[in-house]
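Right, one structure below, let's go through it.
The values are calculated or read from the model by the stated rules, or taken from the named source; none is laboratory data. Because the structure is predicted, anything quoted here is derived from the model rather than measured. Reconstructed Cβ throughout: ideal geometry from the backbone, glycine too, with neighbour counts over all protein chains shown. All accessible areas refer to the heavy atoms of the entire protein, side chains included, with ligands and DNA or RNA removed. Shrake-Rupley method; radii C 1.70, N 1.55, O 1.52, S 1.80 Å.
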Amino acid sequence: MSTLAAELLALPPSCGPVRLVAVDGHAGSGKTTFAARLAAALDGAPVVHLDDLATHTEFFEWTGRLREQVLAPLAAGRDAVHQVYDWTLRRFATTTTVPVAPVVLVEGVGAGRRELRPWLARVVWMELDAVSARHRGERRDGPELAGFWADWARAEAAHFAADPSRPYAATRVDGVTGRIIPATVGESSTSS
């Protein structure tokens with residue numbers, strides 16, 4: 001992890017003074033866990049969780065909120081403050097601050113999407129197939145969210161069919177072990 005952290009810190013800034021790094025993959029693939037480990041290796045790098053910006057009715061329509069509330073302030077060298085969606089109350093209920101830092105991580109399904117890639121220094125992909133990731137997520141969330149997972153799986157499949165992130169990932173991580181797949185460290189991302 002320290003090798004990846006050093007590599008990310010050596011990248012040129014991509015969003016004002018910040019190196020914005022996406023941690024993307026299927027729901028249940030280990031993005032949040034990996035992002036926490038990577039943030040620790042980066043001396044507490046801030047992490048933006050896309051689950052805080054998505055909603056029950058807008059699984060993938062959060063790019064405007066991310067751009068306005070997070071990317072624009074960071075690009076201007078200012079701390080960002082964004083709304084946080086409460087999945088129980090079904091509304092934006094609080095805010096959180098994302099300080100300007102050498103590296104800021106954005107984790108969540110679609111973090112490496114086309115619209116965000118111009119702002120990104122790196123895309124990291126969690127390598128775990130959609131079926132295995134979904135089973136892991138369903139075990140984690142329990143049977144009461146089975147209907148949500150069915151809706152989510154359809155939306156996620158449509159999203160990645162139209163706008164895949166994996167081909168743009170310069171770093172891939174084994175979603176089972178959490179280990180970086182060695183052949184991907186140091187590869188340059190394709191941008192477009």
Sticking with the crude label model, points 7 Å out along Cα→Cβ, report the distance from Phe148 to Asp79 in nm, one decimal please.
3.0 nm
For the chain, the dipole about the Cα centre with charges only on Cβ (Lys and Arg +1, Asp and Glu -1), to the nearest 20 debye, works out at 200 debye
Taking all protein chains as present, what is the carbon and sulfur share of the accessible area of the chain, in % to the nearest whole number, probe 1.4 Å?
54 percent
If you take every DSSP beta bridge whose two residues both sit in segment 16-147, what share of them, in percent to the nearest 5, is antiparallel?
35 percent
In the chain, with Lys and Arg counted as +1 and Asp and Glu as -1 at Cβ, which of these residues, Val173, Trp87, Leu9, has the Cα nearest the positive end of the dipole, that is, farthest along it?
Leu9
At a 1.4 Å probe radius, which order do Phe160, Phe148 fall into by accessible area, largest first?
Phe148, Phe160
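Could you do me a favour and compute the accessible area per residue for the chain, 1.4 Å probe, result in Å²?
Value returned for the chain: 47 Å² of accessible area per residue.
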